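Participant: Once you've had a glance at the structure underneath, I'll fire off some questions.
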Amino acid sequence: MGRLDGSERQGSWRVLVDTLEHVQVLRDPSGRRLCLDLVEEYLGFALHVAEAQATRVHLFAILLACRQHPRALGVLAGVLEELEPGTPAVRRVRQFVEDMSALELISEKQRAELLELMAGTADEYLTDLVRAAAGPAGVELPVDHHKPEDALVLLEQLNARPDGVPPLLVFVEYLARVVGDHRGDQLRDWNDRQAIRMDIVPQIRAIRAERTDNGATERNRELIAYLVIRLEPDPLGTDVYSLAHWRQVDRGRWHPRRGEVFHGDIDEIRRHVTELIVDAETGWAKEASAIRVDFLLPYALLNLPVDQWDFDVDSGLPRSLGLHYQVVVRSLDRARTPKWHREWRRRWKVLRELNPDIGELGEECWLWSEATKIQHLMGLEATLALRKQVLSLVLRSQPAATEIGEVLVGLRTGIPVMIWQRADTHRSAFEAEVTGMRDELAGLPEGVRRLRGRAKQSTRPHAHVGSRVSLIWDDPERPVEPFDLAAAPVKEVPAS
């Protein structure tokens, strides 16, 4: 079940290259290019081969690329047999490849059977299950390849766990639990046959029992999809904005995937948000029980009525984002200011552990504010510094577009929740609605969504508080800015 160690493999590559140098079609660049084209055609994806003028160097580069994909070496031997059938050199290549592949984890027939059982598995399932099965290895499926065969390529290259179980078999157990229908039984049967062959039946049964014990909890847990949209003014153009987005179907550890950056005026931005919602509903998040939409905004855009944006503009009957999804705002400025993060994380931890049955505690978590002058803001900061149990700041007036104001005080003292209305009228109605949600702090995003729904049901929707309420619900456990700073944007492929 093991593979060749480093020294054995290095010597084997040298001998194989010696053999390949005797294959006529591989002696010139055009012949090698033809072979690579055919190999890629049969594999269904491109091999990344470093170009080289010297034949031997190029052959080593080809083998190095083939090492990344367990099937590639066998496919290469098959292509050579098609191009030079029956020649002694090709026969030696075939024999050599078979000898090197004798210790492969599973046979080509077993792989084909497993791929058939995996057919139709959603991209997000593959991504999350591969990651879970890999464990500390932390492998990721390439963004531009989310097919079952790519999952197998990655998993087959990983070493077995300390208990001797290859990550591929762990993945199959996890997948069997997720699909849940007759395919689940077929996947477990497939795994049982591999376990018998590898003499790891007790270990596989232990994994299966563990997953079964946790099965009820996993099935009852809602599958939530998150779409985080960062919007900020584009420094290169007046009235032009830059939009980046991240997405994830929540299966535990936060590991969102980033899409490409979009630039446009506000109308183009709104249309692009519509496209992102359509992509979620029809693709990557179609099996989620709910989709939550977070807008990561700077000070200047906090009052943008993103919850009222129409995401079905071509229907002739508007559908606002905030009615159908939990739409909240997050602070881009705090995300980019690490010195504010410690207290932010501390208050968020208190919020997560809040007991909704204790009304007194819930009341202490709220603070109402109307601070406009500097001395009032200094007093507000002192109050928040002393009252560590405050988690939510209610602004009686809409925040200023400049950074000096109540929002700044709330951000730098770690307040994770802020709520206000984007108008200075009907203050009493706003205060009454927020007071009514006082005991629902932990579920405030859903409470605000229902408030927006009541606005649509009223006789004057646009005058209702629910049509102009903004909610900062800033979760420090779901960051995106660190990922943005660490790597360049990666282009997303359309969901299938």
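The values are calculated or read from the model by the stated rules, or taken from the named source; none is laboratory data. Everything numeric in this text was worked out from a predicted model, so none of it was measured. Note that we place each Cβ from the backbone using ideal geometry, even for glycine, and neighbour counts take in every protein chain shown.
Participant: Residue 425 fails exactly one of the following numbered conditions: (1) without any contact (Cβ under 8 Å) to a residue 12 or more places away in the chain; (2) buried (at least 19 other Cβ atoms within 10 Å of the Cβ); (3) hydroxyl-bearing (Ser, Thr, Tyr). What is the number of that condition?
Facilitator: (2)
Each row is one residue, and each column tells you yes or no for (1) modelled with pLDDT under 95; (2) assigned by TED's automatic domain parsing to the domain that holds residue 435; (3) farther than 16 Å from residue 475 by Cβ.
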{"site": "325", "(1), (2), (3)": "no, yes, no"}
{"site": "330", "(1), (2), (3)": "no, yes, no"}
{"site": "351", "(1), (2), (3)": "yes, yes, no"}
{"site": "357", "(1), (2), (3)": "yes, yes, yes"}
{"site": "360", "(1), (2), (3)": "yes, yes, yes"}
{"site": "363", "(1), (2), (3)": "yes, yes, yes"}
{"site": "368", "(1), (2), (3)": "yes, yes, yes"}
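Participant: Now for a separate question. Across segment 305-318, what is the total count of residues that are modelled with pLDDT under 95, of a type in the set (A, V, I, L, M, F, W, C) and touching a strand residue (DSSP E or B) at 6+ places or on another chain (Cβ under 8 Å)?
Facilitator: 1
Participant: Just one of (1) in contact (Cβ under 8 Å) with a residue 24 or more places away in the chain; (2) within 17 Å of residue 77 (Cα to Cα) trips up residue 61, so point out which.
Facilitator: (1)
Participant: Same structure again: For the subset of segment 166-194 comprising residues that are of a type in the set (A, V, I, L, M, F, W, C) and surrounded by fewer than 21 Cβ atoms within 10 Å (Cβ to Cβ), which member is farthest from residue 115 (Cα to Cα)? I'd like the intermediate steps shown before the answer.
Facilitator: Here is the first cut: in segment 166-194, the ones of a type in the set (A, V, I, L, M, F, W, C) are 168-172, 175-176, 178-179, 187, 190.
If we keep only those that are surrounded by fewer than 21 Cβ atoms within 10 Å (Cβ to Cβ) too, we end up with 178-179, 190.
Numbers: 178: 16, 179: 14, 190: 11 Å.
Restricting to residues being of a type in the set (A, V, I, L, M, F, W, C) and surrounded by fewer than 21 Cβ atoms within 10 Å (Cβ to Cβ), the top hit is 178.
Participant: Could you tell me whether any residue of segment 405-427 is out of contact with any strand residue (DSSP E or B) (no Cβ under 9 Å at 6 or more places or on another chain), at pLDDT below 90 and among the β-branched types (Val, Ile, Thr)?
Facilitator: Yes, segment 405-427 contains at least one residue that is out of contact with any strand residue (DSSP E or B) (no Cβ under 9 Å at 6 or more places or on another chain), at pLDDT below 90 and among the β-branched types (Val, Ile, Thr).
Participant: Mind listing just one residue for me: the one in segment 36-94 that is in contact with a helix residue (DSSP H, G or I) (Cβ under 7 Å, 6 or more places away or on another chain) and of a type in the set (Phe, Trp, Tyr) and, of those, nearest to residue 15 (Cα to Cα)?
Facilitator: Among those residues, the one meeting the criterion is 60.
Participant: Separate question: Since residue 150 meets every condition but one in (1) at pLDDT below 75; (2) surrounded by fewer than 17 Cβ atoms within 10 Å (Cβ to Cβ), which condition does it not meet?
Facilitator: Unmet for residue 150, out of (1) at pLDDT below 75; (2) surrounded by fewer than 17 Cβ atoms within 10 Å (Cβ to Cβ): (2).
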